[in-house]
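Only one structure is covered here, and it is reproduced in the block below.
The values are calculated or read from the model by the stated rules, or taken from the named source; none is laboratory data. Being a predicted model, the structure only gives us computed values, none of them experimental. Methodologically, a virtual Cβ is constructed for each residue, glycine included, from the backbone with ideal geometry; neighbour enumeration extends over all protein chains shown.
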Amino acid sequence: MGVIASRRLQWAGLGIVVALVYVFMLGPITVVVVEAFNRTELMQFPPAGWSLRWFGELATNQDFTNSFVVSLELAAIASVISTLAGTAAAYAMVRLKRPRQTGLETLLLAPLYVPRILIGMALLLGLSTLQVAGSLGGMVAGHVLITLPFVIRSVGISLRAIDPAVEEASRAVGATWFDSIWLVTLPLARAGIVAGAVFAFIVSFSDVYLALFISGPDTITLPLRIFNFLEWEQSPIVAAAATVQLLTILIIMIVAEKCVGLSGRASA
């Protein structure tokens with residue numbers, strides 16, 4: 001009985017620790033979401049009343065809606081390019097071993113370790129030289145740079161879990177090299193590819209550091225719009241904008257999970 005009681009106390013303590021971690025992680029997000037439904041003009045927690053007023057204000061605010069569209073367009077383009085390029089790079093590094101590959105991997109993953117502000121400054125100088133600073137193309141180039149490592153990491157992990165003998169077997173029965181990759185390898189690595197694309201979208205959609213340096217009047221993203229707005233006003237419309245951003249990310253994650261079926265594979 002003493003051992004059982006001790007085990008129960010240990011599990012209870014572990015449960016309390018996990019609950020505290022969740023509160024620490026989700027507490028600030030919960031405050032922002034709750035604040036979005038505040039009825040009053042000023043931000044306060046807990047709200048004095050409940051209303052959908054600020055979501056209506058957000059929908060009619062041209063600056064915020066334009067920035068939301070820019071963020072969606074930018075994240076979609078950057079994630080597609082990063083997924084295609086990152087998948088090809090990951091396959092080359094995992095399957096096609098080459099001399100000095102370690103140096104190449106370090107170079108491709110460098111944006112994960114270099115402070116985002118330094119990357120922003122370097123991009124500003126480079127894009128200004130090319131006279132594309134502030135354009136959508138320049139923003140896409142910057143976001144591909146910071147999202148590509150996430151795709152390479154995710155796809156690389158999936159490819160390493162696939163036995164190379166599977167590809168060799170497909171070629172032994174007549175499949176070409178391209179058919180072997182397209183019909184065998186990529187479907188088996190689908191979970192890693194989708195996860196990498198989702199990571200790329202989230203990183204691009206929520207980035208504010210690069211936008212501070214390389215955005216222009218017509219390419220102000222939603223995170224940057226929120227940042228600039230908070231410098232001058234304290235309105236719950238900012239909480240509503242952040243809630244919409246969070247909801248968009250959740251929808252992307254849910255759709256990706258349904259497409260890949262991670263929970264179904266785990267239960268199987």
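Could you check the range 21-108 for helices (runs of 4 or more DSSP H) lying wholly inside it with 2 or more residues that are buried (at least 16 other Cβ atoms within 10 Å of the Cβ) and either of a type in the set (D, E) or touching a Leu at 6+ places or on another chain (Cβ under 9 Å) (or both)?
In the range 21-108, the matching helices (runs of 4 or more DSSP H) lie at 62-95, 101-108.
Please work out if A256 is at pLDDT below 90 and farther than 20 Å from G134 by Cβ.
Working: at pLDDT below 90: yes; farther than 20 Å from G134 by Cβ: yes.
For A256, the condition - at pLDDT below 90 and farther than 20 Å from G134 by Cβ - is met.
Can you say whether E167 is touching a Lys or Arg at 6+ places or on another chain (Cβ under 9 Å), farther than 18 Å from F201 by Cα, touching a residue at least 12 places away in the same chain (Cβ under 8 Å) and surrounded by fewer than 21 Cβ atoms within 10 Å (Cβ to Cβ), as far as the supplied structure shows? First the steps, then the outcome.
Numbers: touching a Lys or Arg at 6+ places or on another chain (Cβ under 9 Å): yes; farther than 18 Å from F201 by Cα: yes; touching a residue at least 12 places away in the same chain (Cβ under 8 Å): yes; surrounded by fewer than 21 Cβ atoms within 10 Å (Cβ to Cβ): yes.
Yes.
This table checks each residue for (1) aliphatic (A, V, I, L, M); (2) at pLDDT 85 or above; (3) closer than 30 Å to L159 by Cβ; (4) in contact with a His (Cβ under 9 Å, 6 or more places away or on another chain).
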site: A200; (1), (2), (3), (4): yes, yes, yes, yes
site: L210; (1), (2), (3), (4): yes, yes, yes, yes
site: G216; (1), (2), (3), (4): no, no, no, no
site: P223; (1), (2), (3), (4): no, yes, no, no
site: P236; (1), (2), (3), (4): no, no, no, no
site: A242; (1), (2), (3), (4): yes, yes, no, no
site: L250; (1), (2), (3), (4): yes, yes, yes, no
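From (1) under 25 Å from T248 (Cα atoms); (2) modelled with pLDDT under 80, pick out the condition that doesn't hold for S71.
Failing condition for S71: (2).
Using the structure shown, decide if R8 is at pLDDT below 70, at negative phi and surrounded by 10 or more Cβ atoms within 10 Å (Cβ to Cβ).
yes
The conditions are (1) of a type in the set (V, I, T); (2) at pLDDT below 90; (3) touching a Ser or Thr at 6+ places or on another chain (Cβ under 7 Å), and T147 fails exactly one of them. Which is it?
Here T147 meets the rest and fails (2).
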